[in-house]
1. Go through (1) open to solvent by 20 Å² or more (accessible area, probe 1.4 Å); (2) in contact (Cβ under 8 Å) with a residue 60 or more places away in the chain; (3) under 26 Å from residue 146 (Cα atoms); (4) not hydroxyl-bearing (Ser, Thr, Tyr) for residue 112 and report which single condition fails.
2. Go through (1) more than 12 Å from the ligand (Cβ to nearest atom); (2) under 21 Å from residue 33 (Cα atoms); (3) of a type in the set (A, V, I, L, M) one by one and return the number of the condition residue 94 breaks.
3. How about the stretch 1-32: which of its residues are touching a residue at least 60 places away in the same chain (Cβ under 8 Å) and surrounded by 15 or more Cβ atoms within 10 Å (Cβ to Cβ)?
4. Does residue 108 satisfy the criteria of being in contact with a helix residue (DSSP H, G or I) (Cβ under 6 Å, 6 or more places away or on another chain) and either more than 15 Å from residue 83 (Cβ to Cβ) or of a type in the set (Val, Ile, Thr) (or both)?
5. Can you tell me how many residues within the stretch 74-91 are under 21 Å from residue 147 (Cα atoms), more than 11 Å from the ligand (Cβ to nearest atom) and not β-branched (Val, Ile, Thr)?
6. (1) of a type in the set (Asp, Glu); (2) away from the ligand (no atom under 14 Å from the Cβ); (3) outside any loop (DSSP other than H, G, I, E, B): which one isn't true of residue 129, the others all being true?
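The values are calculated or read from the model by the stated rules, or taken from the named source; none is laboratory data. Quantities reported herein were computed from a predicted structural model and do not represent experimental measurements. Don't worry about glycine lacking a Cβ; one is built from the backbone with ideal geometry, like all the others, and counts go over all protein chains shown. Each accessible area value is taken on the protein alone, full model and side chains, heavy atoms only, with ligands, DNA and RNA left out. Shrake-Rupley method; radii C 1.70, N 1.55, O 1.52, S 1.80 Å.
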Amino acid sequence: MSDLEKLRTFITSFTELVETKPEEKEIFEKGGQLLKQLVSADDWLPDEYAKPHPQYYQQFLLHADPLERFSVVSFVWGPGQITPIHDHTVWGIIGMLRGSELSQGYTYTSDQQLIKSGDPVRLNPGSIEYLSPAEGDLHQVNNASDSDVSISIHIYGANIGAVKRSVYKEDGARKLFISGYTNTALPNVWDRSKELNY
Ligand code: FE
């Protein structure tokens, strides 16, 4: 199986899943299985979408569903990099591909304060994490390593590059943002000419 065949198979299967208009619970069950399969081997992500930036964590778009029902992003952490506290407003499934990351959940109280909810969750290669807006989807994520690159694959229940959401300061101050994508070109998962054996 060529590198991109794994990604294409994932995209096709996930599209078939969203075609059935599943509830979030079913997306987490079935979509989580599909993502688990995708991150079970770290041999398919092209280097171009695995490059860290010395200062900023990178978000490479791997696929956007044309109806914007989901998007697939490779999240590349340089050593020690960390996100602000943020929400998503749409469901998310995160699969750890390489290295490790730590996700600290937060609760936004009715008087606009942030409280840590529980201990940080550590994702190691092959681990899956679920983010549900209904259950609270605020977190701060960091590369668990100060020396190595870490990469996780994120599936969101929309084109995340179009979703208005918020970042939060420790004091609870909230600011709207839309996250961007690092790349301008997508991996070409649709070239199947290599499949001809003769
Ligand atoms: Fe997040």
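1. Condition (3) is where residue 112 drops out.
2. Unmet condition: (1).
3. Answer for the stretch 1-32, where residues must be touching a residue at least 60 places away in the same chain (Cβ under 8 Å) and surrounded by 15 or more Cβ atoms within 10 Å (Cβ to Cβ): 4, 7, 8, 10, 11, 14, 24, 27, 28, 31, 32.
4. Answer is no for this residue.
5. The initial filter retains those residues of the stretch 74-91 that are under 21 Å from residue 147 (Cα atoms), namely 74-84.
If we keep only those that are more than 11 Å from the ligand (Cβ to nearest atom) as well, we get 74, 76-82.
Imposing the further condition that a residue be not β-branched (Val, Ile, Thr) reduces the set to 74, 77-81.
Of the residues in the stretch 74-91, 6 are under 21 Å from residue 147 (Cα atoms), more than 11 Å from the ligand (Cβ to nearest atom) and not β-branched (Val, Ile, Thr).
6. Of everything listed in (1) of a type in the set (Asp, Glu); (2) away from the ligand (no atom under 14 Å from the Cβ); (3) outside any loop (DSSP other than H, G, I, E, B), residue 129 misses just condition (2).
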